[in-house]
Amino acid sequence: MTENSAPVIELAGITKRFPGVVANSDVHLEVRHGEVHAVVGENGAGKSTLMKILYGMYQPDEGSISVDGRAVEFGNPKDAIAAGIGMVHQHFMLADNFTVLENIVLGAEPTTGLRLDFRAARRKITEISDRYGLGLRPDRLVEELSVADRQRIEIAKVLYRGARVLILDEPTAVLVPQEVDALFANLAELRSAGLSVIFISHKLDEVRQVADRITVIRRGSTVATVEPRATTSRELAELMVGSELPTPETTESTVTDVVELAVAGLGISADDGPSLLSDITFDVRQGEIVGFAGVEGNGQSELVEAIMGLRKPDTGTVVLGADDMTLWPAQDRRAAGIGFIPEDRHRQALLLDAPLWENRLLGWHVKPPAGGRYWISPRLARQEAAAIMADYDVRAPGPETLADALSGGNQQKFVIGREMSTKLRVLVAAHPTRGVDVGAQAAIWDRLREARAAGLATVLVSADLEELLGLSDTLYVLFRGRIVAKLDPSEVTPKVLGGYMTGAVTQDGEVGAQDGEVEG
Amino acid sequence: MTRLLGWVRGLAPTLVALVMALLITGVFILIIGEDPLAALGALFDFGDSPTAQANSIGVWINRATPLFLAGLAVSICFRMGLFNIGVEGQYRMATVVAAGVGAAIVLPAPLHILVIVVVAMAAGAAYAAIPAVLKTTRGVSEVISTIMLNSIAVGLAAWLVRSPFADPDLGSGETAATREIDESGQFPGLNDLFGALGLEEPRRPVHGFVVVAIVVGVIIAVVLSRSRFGFELRASGLNAMAAAANGISSRAMVIKAMLLSGALAGLVGLPDLLGSAHRFQSDSFVAGYGFTGIAVALLGRNRPGGIALAALLFAFLDRAGPRLQSEGIPPAAVTIMQGIVVLSVLIVDEVARRRLRRREERRARAEDPTTRSEEVAS
């Protein structure tokens, strides 16, 4: 229906490098008038970076942006807004104690002389609301509204500023199914009014439902732009995951028969009902790395938290060796020898405002020699921090350096060094090489392999398939909080893995039975 | 050597801030039409006669001791990002209970004092436990609950002193008070020490409890820097989420921090009670240490050493109040100056901290040329 319309936005050859990492390379994206254009890709594929470039938050190192055929350069989001581009962030930026009207005009207040002209604003908002079926009531307080209502306010806010192109960053992540349908109806209104929507997501079923065209990003580059009607979910999944999976390094199996960590029947429900994890059962043996693949948000975080004792499971048990530790507090689990590399190192792994030697103690401060039941030894902690810095190639002036002063890669190396320089029984690693440059990544993988050879039982959660396939002895796929497949990493094909990860196939289904399945 | 250098470097911003505060106050005094230099003279004037000077020093010590303890109490909670505004109420409750219990028992001297100290700490901790429990079970902001408990403490203390702890020998016209604590429960003053040092003895008692305060300060300093509890407190304050992810229960820390803070608050009223008042009387009870303690803790950067210096500075300024008044400068000038000191120290400190951080980052970057300050968004 929109085949012949001219592109409103064209990104050509966009490359964005951060020192050590290329976030986007040679990205091409063309958005036409009156279309919903989905941008899909795994977490970390570079979608957000691309959108930040388009919205003027980052400047590209190479490539060009043109709006309506004219080349433009955005120094900041203001320029982008002036060019008619608006962004609806995943995390809403609304003032709770303001009304809908006040929130929408905030920062773009209409004035007559020195007075705020709320009447004109109200007229304009009502008009926008009616035209696109947003159903806004300007005088309601935002704090009384549902998440879906707030999202509509964000959309109205962008339209109020005259946007012709709306970027929606994972808009369905916060919505329940009925609200998703309502959102899609709104998007259809926008499309028929000739506006363009860039819809960022990694949920393939939704994307196929709402988008006119789909651009797939993988590892920072655009792979293809396809029509949803001419493409199956499985083909999309394959585009996302990659047609060639990295060949896992053929290492000698070090898996023993001794089960070190046994999870059985684990289930967790959110406070308001839906189950986040259900019936998770698996064993990790000494010398084994058990990998968990899955699109982010399918229960990985909850699983990690349940093993670490940060979240109480509703059902099931977690057993370490011979000890049932289901009811143990987190501290006891660490003390029993469970290492933890959290997914978000800034929020969960580090005290950014503290020196490295204090960070050395974090999580291990009850463990002698540097820590202890009652007393800690700053002197020993400094020595140990210095040893970690030497062993794990953490480049920093010294143990007194604040963690915040280090680069992301060096912070991660320090965290990994901290966890692995204690005698561990189990290591729970979530995205251990996220945001780390290639050199450091290889070093971290070597460390994990060494520890595995020494008999460590490892639970590895990652969005990086190369990492999962290269390290895991056994690979599980999580989808909507369930283990949907148990695979042998050396035999799995991208089609199979992508299919399970996106829910396109289940293990009972046609594909899983033929290839990929192994008995454990 | 490097450590000494670091120490000097750490102190330099504070000194700059103090000079700034002095200058701003000078301008303020100029504005109200008085002579700043005369005011400065009055500030450092300890009196003409040796007795007056000794008195002055005594007042300084007596004032600094409770401020130090209050600052210490507040700082424990500040360290983990909790705002215990309730030190004021906690020490009022602790003092009245300690006075009541202390007067009701008679024990050999050191034991009597020890019992009173323990009772005061327990009462302070118990009163601080209320906001702690409210926060951990119901999520009530400790700021709100402690402020409200301060008001309740005033009423509760007034009732305690009138009813269960009241001195039965008081006449009908006299202000309600607890009975006087027996001599065995009175803390010896430092007046003799002045004599031993070759000074004149002050006429009013100099509270010997300052010795206890110093010991407590040293203990707290060691606990904060060397103990597991101190580390957990610091970790929770710096990043509560990371602390929780690494097995430090934030609920347990809230309770522990509030209890310790309350126990320390319980000591605030004791220098007066054990040193000179020997009984609790609503009218002569010195209120306000809990609030000033917040400023003292801020000024001392939550470190026991810093809090001691801050308490000495505040007490020094307080002491000069009457003398400034005799120079025709309103005593409110002292309060204003204290405020300006706190503000300028905080501002200068923040600026210094940022500069320090930028230097650290530059140094780290020099170590690793691939460092980037920006995260790659996923």
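Below, the figures for the structure above:
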| quantity | calculated |
| --- | --- |
| Reduced Cα scattering model of chain A, Debye log10 I(q)/I(0), q = 0.07, 0.10, 0.11, 0.13 Å⁻¹ | -0.45, -0.90, -1.06, -1.32 |
| Likely footprinting exposure, B:Leu199, A:Leu239, B:Leu111, fewest C-beta neighbours within 10 Å first | B:Leu111, B:Leu199, A:Leu239 |
| Relative contact order (%) - region A:268-410, alpha-carbon pairs under 8 angstrom, separation at least six | 15 percent |
| Percent of C-alpha pairs per 10 Å bin, region A:259-514, short to long | 7, 30, 35, 21, 6, 1, 0 |
| Long-range HN-HN contacts of A:Ile341 with modeled amide H, under 5 Å | A:Val428, A:Ala429, A:Ala430 |
| Flagged links, alpha-carbon separation over 23 Å, of A:Lys52/A:Lys157; A:Lys203/A:Lys312; A:Lys413/A:Lys486; A:Lys47/A:Lys203 | A:Lys203/A:Lys312; A:Lys413/A:Lys486 |
| Alpha-carbon centroid distance for the pair region A:263-301 / region B:178-192, whole angstrom | 65 Å |
| Karplus-derived HN-Hα couplings along region B:294-311 (A = 6.51, B = -1.76, C = 1.60, θ = phi - 60°), whole Hz, x at Gly and Pro | 4, 5, 5, 5, 4, 5, x, 6, 6, 10, x, x, x, 5, 4, 5, 4, 5 |
| Long-range amide H partners of A:Met325 with built H, under 5 Å | A:Val318, A:Val319, A:Leu320 |
| Directionally averaged shadow of region A:96-161, computed from the convex hull of its alpha-carbon atoms, nm² | 4.1 nm² |
| Ranked by how many other beta carbons lie within 10 Å on average, peptides A:404-415, A:112-123, A:300-311 from highest | A:404-415, A:300-311, A:112-123 |
| Of A:Met93, B:Ile181, A:Gly435, farthest towards positive along the dipole that unit charges on Lys, Arg, Asp, Glu beta carbons give the protein assembly as shown | B:Ile181 |
| Lys, Arg +1 and Asp, Glu -1 on Cβ, resulting dipole of chain B about Cα centre, debye, nearest 20 | 1780 debye |
| Sparse-neighbour loop sites [GluC sites (Glu not before Pro); region B:174-271; at most 13 other C-beta within 10 Å; DSSP] | B:Glu174 |
| Among B:Ala157, B:Asn239, A:Gly287 the positive-end extreme of the charge dipole of the protein assembly as shown (Cβ point charges) | B:Ala157 |
| Cα-centre dipole for chain A with unit charges at Cβ (Lys and Arg positive, Asp and Glu negative), debye to 20 | 1560 debye |
| Mean ellipticity per residue at 222 nm, deg cm²/dmol - from DSSP H runs of n ≥ 4 across chain A, formula -39500 (n - 2.57) | -9000 deg cm²/dmol |
| Other protein chain Cβ atoms within 10 Å, averaged over every residue that makes up A:330-342 | 2 |
| Residue mean of other protein chain beta carbons inside 10 Å, A:403-413 | 5 |
| Length-normalised contact order for chain A - Cα pairs under 8 Å, 6+ apart - percent | 15 percent |
| Mean Cβ count within 10 Å, highest first, over the residues of peptides B:65-74, A:146-155 | B:65-74, A:146-155 |
| Magnitude of the charge dipole, the protein assembly as shown, Cβ model with Lys/Arg +1 and Asp/Glu -1, debye to 20 | 2080 debye |
| Of B:Ser276, B:Ala104, B:Ala287, farthest towards positive along the dipole that unit charges on Lys, Arg, Asp, Glu beta carbons give chain B | B:Ala287 |
| Cα Rg over Rh - region A:350-502, Kirkwood | 1.04 |
| Estimated vicinal HN-Hα couplings, Hz - region A:77-82 in sequence order (Karplus 6.51, -1.76, 1.60; Gly, Pro = x) | x, 4, 4, 5, 4, 4 |
| Computed [θ] at 222 nm, helices only, for chain B once each DSSP H run of length n ≥ 4 contributes -39500 (n - 2.57) | -23500 deg cm²/dmol |
| Quotient of Cα Rg and 2.2 N^0.38 Å for region B:67-316, N being how many residues it contains | 1.03 |
| The protein assembly as shown: projected area of the alpha-carbon convex hull, averaged over directions, in nm² | 46.1 nm² |
| Part-to-part distance (alpha-carbon centres) for region A:319-392 and region A:110-158, which is given in Å | 50 Å |
| Cross-link partners of B:Lys256 among lysines (Cα-Cα below 19 Å; sequence separation of 8 or more within a chain) | B:Lys135 |
| Average beta-carbon neighbours from other chains, 10 Å sphere, peptide A:347-354 | 6 |
| Other-chain or far-sequence residues with amide H under 5 Å of A:Arg32's (modelled H) | A:Val8 |
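All of the numbers you see were taken from the coordinates with simple rules; none came from a lab. Computed from a predicted model, the values in this text were never measured in an experiment. Cβ sites come from the backbone with ideal geometry, for glycine too, and all protein chains shown count toward neighbours.
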